[in-house]
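Note sheet for the following structure.
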């Protein structure tokens, strides 16, 4: 399930599976006996990135734990669409308590397992960006600080989708939400300081922190697997586009996530004990416009005419990520691609 | 074994005898000595296996307890006052999920103004949260109630809150009978959860329930509390057989059989009340006492049974339902529906104000003469109140009420200015 | 542990299966197979994507068996085919086209070294078919007809089988042991080959041999000539004769300085052959520019590397003794060469004319119904001539003249002959929609340059007739095969199975592909969008 060392030229490492790979080299999602931890019949919207990300991550954790896994879930879309009485889509032991306490609930589960000598059973906490970066932040930080044996997975769709697309502290600048209307000199969300949860997690010095997107399954699975190899607090932050909240077609979910990564707006990397150990390089750097334009939440940046100064500010954010995380290594066939992006944004 | 010890220490040791497997602690006065003692017991290895988790808030404390309980561990926490309010969302959640967590509430007032002393405002704010709420009259009862609480909660799959008066009990040293481990083990079987997070038998706990079933879920929670009305006296009786003393139960009547006037109260103030009643009885006043141990479930039938033959009922309570008056008295009145008698609500002891025998005696005598206001504030400084009210009438913006009052009373006037 | 679970709050696993979210769908995904551009471009109708699929997994015999369903001579075709599949390859828009011919050649060579044989499973039909000409078209037709169960006899006018493969293509492009082996394998099917048996009158031959049908593929072996004033001592030859004589005991004597006239592949073949025979100078004279040369670019490139000189924009006016006179040309606005009157002289010991070939149609005289037009035989869409039961293909019918077209004609004619013999009509399968590049999701394919076949050392190949193009070794061949994008055809990458947020794709196991579970598929379209090869189509639901 890890990323392959050998280049696989028909499809490289990007497809979910491949008949040409040895079974142990295939992804969890390629396995016909995968856990399908989040089963059919759930009520997520068409093309839901969170439903996809959750199954990817939890199935990978299931494989890593040999099926000995318990999940705690914050309130949010994932919880609501998966467990409306009388139907649950979860096939693993699962608990939902509150919006802001999932990290603590998971801590409690881990404590119980430890006391009972069930060290083989592993604990995952999962929440959306609201439950993670806002209301659940205190409990999460406490869990990190104590280094409780929990893998926390944040499914980041950059707003409160369950309540009707309101701004969270993970909402990107300029994005339109129900509480960041497109009026005034700074339409959409303000350019704040941001709240970089993976970095905050790293600042706790916990054993493992990683970011991933639903566009790169093998990377995501490798990270969950790596996370499961550690004991203590671990944090995996997965970008999961929301067709409804972002204003994209249901079949664009993966493409949009890919663009978020390829523009540098969502850096994909991993860190151990507070230090970055690996970054996923951009295959070919793309202008942020390619990412922004298909999304209705950014439509005001292009209509009635392009707001160049805003797009440029966003490009600067991407450029900063590319520089800060070393996201790009120039190769002969796309020399100058990065300069082209920089020239438009003098940064 | 009889020992001279602090109430908090006693409760901690009693809890430890119950073999809790997860203890969540966030410090708040006057609960601190309890969790400190438990932390020490765990750290020293005398309470094992047990995870003692220093959490970052009361909200986390209750949440960790929820997780631990759902995963099959016997979970305990303790809090007070603001801490209880900070965990409220999780308090309701634990009850809704039916997780038999036991929590000590070292009762304390709620700010603002911030106040660390005892009253029942904190617990009373949670009277409808779905927890079983037991009020200890003495430290011996506090100790004993914790042992019963685990048994009761786990039988019914409901969380239990054991309330003990902050400082008055928690910090008081007295001679207490500490049971042996063997006694507690015989009384309290290992926790067998009704639902548990188990990979070999997975379930989803905490579903979203819509209008089609929500009322039924709520009714079932109510029905469980009604079952507790039967289990609480039964357990108290069993406890008496095992441990040789009366502790717990739904209510504690005292000299009530012939009483024309019955004083109703919860918690440690019952001791002072009983002393006062003894004095007045010596003078020929037919006054009795009804202590309520189980505030939730509220023992309507028992309360009615003990009160319906009295001429008057005086409910002395350490909490105030602002805008209406009493909380306990409101509940008592439900029990007395259709019964014609005089009912008085006495708000006393707020924020740690001492409730003296002298004041109580005067109160009871006034009550006997039916000379009490329906809602009486015991030992209220009317001068200070009236000055503040006067100022309010004169100036619409007269500044913070609490500070003005303190200045009027002259307690901290110099320092505040 | 028996649990009395709390009502409504606690739920049992599997309960969501009761919620059939398929009712949300407004369009449904459907698996399709599309026609890859390589297959569409192959004159022999090879299922290139189909055989690469097996080569990718290293099952070369399976790959070879799929290949030979359409083309019985992979080792030959991998070498000499002008691979029109490759310019069509969608991978060319990503980095470089898959080197299809190299893998084909590798498979052909594998078959030779492992001794894989054809299997003849069909019952004998009792029908006899005469094939005239043992060139690529005739051999292909004979092969397919034999597999259909017919008894086949080939009448070849020449002394050896192979036709233009042997007499038109130099050894350095097609070693003769390769050719001989593939012909032998075809004949092993029980096909009778009669050499030195020229058919003079087709109807006579059919009658004499009691043939039920005939396939004519005599090729175009007559060199076209043009009038060039020549001195008495001037040595003027034609390309067909030069290349044919290479197969004889005595190589042709061309001298130290050879001029070849023409711009096709044959001109290049002759010039390169001359060089190998020891000519110090081999000069091609062509009346137009390089861009307009009909020869294939890679052959021009190889020839230039070998030191062949090409004189562009020139026509030959006169062939003298030891020298020829050429006139410089200019292209007019339509791109046609126009004379300038400026003359040059080139020293030359011989002049070889490579101006194209014509068909010897003498065997068709007195065949009723048969029509000849522009020197070739007219055939219908089923390759049948105007005379029932007589079919024709290859260079003798109107089409582009190359060996791949010829092989394709052989296959196509065999299918129609088979149907005709059984009193039915052959109905070709309906072609799938094209798998255009726009239908692919190229993100999933890695950037990887084409494996370049090792080219023989220049000096060595200038002086010998060793094969110029080397073959791929096994790892290279697999590498190259795996560069195939499998355009329009599921290659079981599991993407649909993975990306469905609703687990509504069922994986059926190796080789069995997938199935949609429409009970749960919400119709989001992610599977179609993320299918690398465009093998899923979204179809609107009927209301």
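None of the figures in this text is laboratory data; all of them are computed from the coordinates on show. Computed from a predicted structure; not experimentally measured. Cβ placement follows ideal geometry from the backbone for every residue including glycine, while neighbour counts extend to all protein chains displayed.
Quick notes on this one:
- Seen against the Cα atoms of chain A and their longest principal axis, helix A:308-325 is set at about 50 degrees.
- Rg/Rg_globular for region C:145-292, with Rg_globular taken as 2.2 N^0.38 Å and Rg from C-alpha atoms: 1.29
- Principal-axis tilt of helix C:403-421 within chain C, Cα atoms, nearest 10 degrees: 70
- Fraction of antiparallel bridges per DSSP, chain A only, in percent to nearest 5: 30
- Sorted largest first, the spans of the alpha carbon positions of the protein assembly as shown along the three principal axes are 162, 69, 57 Å.
- For region A:23-283: rounded, prolate or oblate by the Cα gyration tensor [a/c cutoff 1.5]: rounded
- Counted over the protein assembly as shown, the DSSP beta bridges are approximately 35% antiparallel.
- Tensor-based shape of region C:1-62 (alpha-carbon gyration tensor, a/c under 1.5 rounded, otherwise prolate or oblate): oblate
- Centroid-to-centroid separation of region C:481-513 and region A:47-95 [C-alpha atoms, Å]: 24
- Taking Cα atoms only, the orientation of helix A:217-229 departs from the longest principal axis of chain A by about 40 degrees.
- Difference of contour (0.36 nm per residue) and Cα-Cα distance, residue C:210 to residue C:539: 112.9 nm
- Per-residue Cβ neighbour rank within 10 angstrom, fewest leading, B:200, B:268: B:200, B:268
- Scaled radius of gyration (Cα, divided by 2.2 N^0.38 Å) that region C:230-354 gives: 1.02
- Taken as Cα centroids, region C:28-44 and region C:305-361 sit 44 Å apart, rounded to the nearest whole angstrom.
- For q = 0.10, 0.13 Å⁻¹, Debye-computed log10 I/I(0) when each Cα of chain B counts as one equal scatterer: -0.70, -1.13
- Measuring nothing but how far apart in sequence close Cα pairs (under 8 Å, 6+ apart) lie, relative to its length, chain A scores a relative contact order of 15 percent.
- Peptide ranges C:497-505, B:330-338, C:331-339 listed from the most packed, as the mean C-beta count within 10 angstrom indicates: C:497-505, B:330-338, C:331-339
- Label-point separation in nm, residue C:343 to residue B:219, each point 7 Å along Cα→Cβ: 11.9
- Each residue in A:21, B:401 was given a count of other beta-carbon atoms within 10 angstrom of its own, and listing them fewest first yields B:401, A:21.
- For A:65-73, mean number of other protein chain Cβ atoms within 10 Å: 4
- Stretchable slack from residue B:88 to residue B:409, in nm (0.36 nm times residue separation minus alpha-carbon distance): 112.1 nm
- Cα gyration tensor category, rounded, prolate or oblate, for region B:93-242 with a/c compared to 1.5: oblate
- Structure-based [θ]222 nm, the protein assembly as shown - -39500 (n - 2.57) summed over DSSP H runs of at least 4, per residue, nearest 500: -10000 deg cm²/dmol
- Number of partner chain Cβ atoms within 10 Å, mean per residue of B:206-216: 6
- Estimated distance in nm for a label pair at residue C:508 and residue B:375, the labels positioned 7 Å out from Cα along Cα-to-Cβ: 7.6
- Mean-position separation - Cα centroids, region B:270-303 and region B:181-255, in angstrom: 27
- When peptides B:344-357, A:128-141 are sorted by average Cβ neighbour count within 10 Å, with the highest value leading, the order is A:128-141, B:344-357.
- Fewest neighbouring Cβ atoms within 10 Å first, the residues B:277, C:300, B:184 line up as C:300, B:184, B:277.
- Globularity index of region B:290-417 is 1.28 (Cα radius of gyration / 2.2 N^0.38 Å, N = number of residues).
- Cβ crowding within 10 Å averaged over residues, with C:288-298, C:316-326 ranked highest first: C:316-326, C:288-298
- Counts of other chain beta carbons within 10 angstrom of each beta carbon in peptide A:203-213 average 0.
- For the pair residue C:358 and residue C:305, the difference between a 0.36 nm per residue extended length and the Cα-Cα distance amounts to 16.0 nm.
- Antiparallel bridges, percent of DSSP beta bridges restricted to region C:230-354 (to nearest 5): 45
- Pairwise label distance in nanometres, residue C:27 with residue C:297, each label 7 Å out on the Cα-Cβ vector: 3.7
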